[in-house]
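The values are calculated or read from the model by the stated rules, or taken from the named source; none is laboratory data. None of the values given here were measured: they were computed from a predicted structure. No Cβ is skipped: glycine too gets one built from the backbone with ideal geometry, and neighbour counts run over all protein chains shown. Only protein heavy atoms, including side chains, enter the accessible area calculation; ligands, DNA and RNA are left aside. Shrake-Rupley method; radii C 1.70, N 1.55, O 1.52, S 1.80 Å.
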Amino acid sequence: MRRRLLTGLAAAALGGLGLAVPASPPAAAATNGLSLKPAMGWSSWSFVRRTPTEAKIIAQADAMKNSGLTAHGFVYANLDDFWMKCDSNGPVVDGNGRWVVDSAKFPNGMKSLADHIHANGQKFGVYVTPGIPVNAVLKNTPIAGTSLHAKDIADTSKTEKNYNCKHMYYIDYSKPGAQEYVNSFANLFASWGADYLKIDGVGSFDIPDVKAWSQALRNSGRPINLALSNNLAIANATTWQQLANSWRTQGDVECYCGPGPHGSGFPLTDWKHVSGRFGSAAAWQKFGSQGGWNDLDSLQVGNGDTVGINADQRRSMMTLWAMAASPLILGTDVTKLAAVDLAMLNNTMVLGVDSDGVTARRVVNNGAQQVFAKKESSGAVVVALFNTGTSGNQTVSVSWSQVGLGSNTANVTDLWAQKSGGTVTGTFKVTLRPGETRLIRAVPA
């Protein structure tokens, strides 16, 4: 009943924007009742990168609220990697073998940070990787709520992927206490007030970990959106559907080509990293639905051309993400929003394309000419036409029959311009600059 009510509210919200309400997509197998539409918000990784602090996260969350983005649905303020304290043996652990917060970066602790974000009307996200810390095994810390210890569940023959502290052993889930250890970690995040958890470094070999975390979050008593990262195997797509609310379909969208340490700073991305998503959006299309979404990675819109792609390319990036019904998690510096980018992010018609929860299929794949389309329950279709090239104009066309319109004549609305595009018969055609897009909604005339 709760799922039906929330779905109805989402439909009413779309209707209030003057958008057609799509047919309800089939519920994904992830039945935690969360992420009925793709998550929207901000993450620290792209811009803040390896130096997160309490002050920086609060500044970004406040800017997201004060700019009006939160009112438009950007509600998640997600703290990514490098929040935990490390020593030469990896993550420092508490008395139950769980990561310890770096108090130099977060002097008031995570509960205080989450409280501030919640007071903004936002949601707080945090980050973890699979496994159990080497330090937990060295100290043989007890597992909360059991008589067992870290050595009872650790597989010390293998190390898990961890990008910051390193030194994480595999967990042997055939051993008693393994699920209870993950439960205690999830309970810690819940006690902070976490609303979103990104598990990074996930491979197909980590399916037991993802199962344990999925169950642990349910057991925690707090609704926590589960996001998997990165470059998940499409061969296991149905498994990710069953366990999580989103899954990264490729590696990082960041180019790591900035002037700072480890390629930090602007630019954050480049067109090569963005345009590579067209193929994965098409390949993963059938797996995204209500409750579980194909995640194309952080949306690099906000800081003008300094992010590494021009305005046409940024609109194309946001258009593709919206057509794919991908989470819209900003990676930019929200404290310094460019006016042209803020207008993009506040475009309710484009945001409605993302939140309708329908994943678009690719109907034209002709070099730089790309067309994606999704159909609504009213019989209208949303169509995105792209020139993904870096030089030369392209005339991109698509027939109404290709997109399944059901009519040879349509009334067209340009969703980026938020104005009528007139009545078009047979074929819609447009000439696009390099990197440019046209996003339309077509209603049978």
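Sort out which residues of the range 426-437 are open to solvent by less than 60 Å² (accessible area, probe 1.4 Å) and either outside any loop (DSSP other than H, G, I, E, B) or in contact with a helix residue (DSSP H, G or I) (Cβ under 8 Å, 6 or more places away or on another chain) (or both), and write them in order of number.
First, pick out the residues of the range 426-437 that are open to solvent by less than 60 Å² (accessible area, probe 1.4 Å): 426, 428, 430, 432, 434-437.
Across the range 426-437, the qualifying residues are PHE428, VAL430, LEU432, PRO434, GLY435, GLU436, THR437.
Against the definition (open to solvent by less than 10 Å² (accessible area, probe 1.4 Å) and part of a loop (DSSP other than H, G, I, E, B)), how does ALA194 come out, yes or no? It is true that ALA194 is open to solvent by less than 10 Å² (accessible area, probe 1.4 Å) and part of a loop (DSSP other than H, G, I, E, B). Among residues of the range 308-320 that are at positive phi, those with a beta-carbon under 9 Å from a residue that is open to solvent by 10 Å² or more (accessible area, probe 1.4 Å) and part of a helix (DSSP H, G or I) at least six positions away or on a different chain give the pairs GLY308/TRP271; GLY308/HIS273.
Filtered by the rule that a residue be basic (Lys, Arg) and either without any contact (Cβ under 8 Å) to a residue 60 or more places away in the chain or open to solvent by less than 10 Å² (accessible area, probe 1.4 Å) (or both), the range 73-131 gives LYS85, LYS105. Residues that are closer than 19 Å to HIS72 by Cβ and either in a helix (DSSP H, G or I) or basic (Lys, Arg) (or both) occur in the range 355-367; there is at least one. Could you say whether any residue in the range 289-303 is under 14 Å from the mean Cα position of the chain (by Cα) and of a type in the set (Phe, Trp, Tyr)? Yes, because at least one residue in the range 289-303 is under 14 Å from the mean Cα position of the chain (by Cα) and of a type in the set (Phe, Trp, Tyr).
From the set of residues in the range 207-237 that are assigned to a helix (DSSP H, G or I) and under 18 Å from ALA282 (Cβ atoms), which is most open to solvent (accessible area, probe 1.4 Å)?
Initially, the range 207-237 is screened for residues assigned to a helix (DSSP H, G or I), giving 207-219, 234-237.
Checking which are under 18 Å from ALA282 (Cβ atoms) leaves us with 234-235, 237.
Details: ILE234: 74, ALA235: 93, ALA237: 2 Å².
Within the range 207-237, the match that is most open to solvent (accessible area, probe 1.4 Å) is ALA235.
Here the condition is being in contact with a Pro (Cβ under 8 Å, 6 or more places away or on another chain), within 15 Å of ALA322 (Cα to Cα) and among the β-branched types (Val, Ile, Thr); of VAL353, VAL358, VAL383, VAL371, it holds for VAL358 alone. State whether one or more residues within the range 161-174 are at pLDDT 95 or above, polar (S, T, N, Q), surrounded by fewer than 20 Cβ atoms within 10 Å (Cβ to Cβ) and in contact with a His (Cβ under 8 Å, 6 or more places away or on another chain). No: the range 161-174 contains no residue that is at pLDDT 95 or above, polar (S, T, N, Q), surrounded by fewer than 20 Cβ atoms within 10 Å (Cβ to Cβ) and in contact with a His (Cβ under 8 Å, 6 or more places away or on another chain).
In the range 262-274, the qualifying residues are those that are touching a Phe, Trp or Tyr at 6+ places or on another chain (Cβ under 9 Å) and either hydroxyl-bearing (Ser, Thr, Tyr) or open to solvent by less than 20 Å² (accessible area, probe 1.4 Å) (or both), and the one that is nearest to ASP295 (Cα to Cα) is LEU268.
Name the single residue, out of those in the range 359-377 being among the charged types (D, E, K, R) and open to solvent by less than 20 Å² (accessible area, probe 1.4 Å), that is nearest to SER246 (Cα to Cα).
As a first pass, look at the range 359-377 and keep what is among the charged types (D, E, K, R): 361-362, 374-376.
Add one more test, that the residue is open to solvent by less than 20 Å² (accessible area, probe 1.4 Å), and what stays is 374, 376.
On the way: LYS374: 20, GLU376: 22 Å.
Within the range 359-377, the match that is nearest to SER246 (Cα to Cα) is LYS374.
Can you tell me which condition ASP155 does not meet? The list is (1) within 20 Å of ILE207 (Cα to Cα); (2) in a helix (DSSP H, G or I), and all the others hold. For ASP155, the failing item is (2). Entry remark, the range 295-340: residues being crowded, with 23+ Cβ neighbours inside 10 Å and in a helix (DSSP H, G or I) number 13 in total.
Here is a check on your reading of the model: is ASN183 of a type outside the set (Gly, Ala, Ser), more than 29 Å from ILE234 (Cβ to Cβ) and either open to solvent by less than 30 Å² (accessible area, probe 1.4 Å) or modelled with pLDDT of 95 or more (or both)?
Numbers: of a type outside the set (Gly, Ala, Ser): yes; more than 29 Å from ILE234 (Cβ to Cβ): yes; either open to solvent by less than 30 Å² (accessible area, probe 1.4 Å) or modelled with pLDDT of 95 or more (or both): yes.
Yes; evaluated as a whole, the condition is true for this residue.
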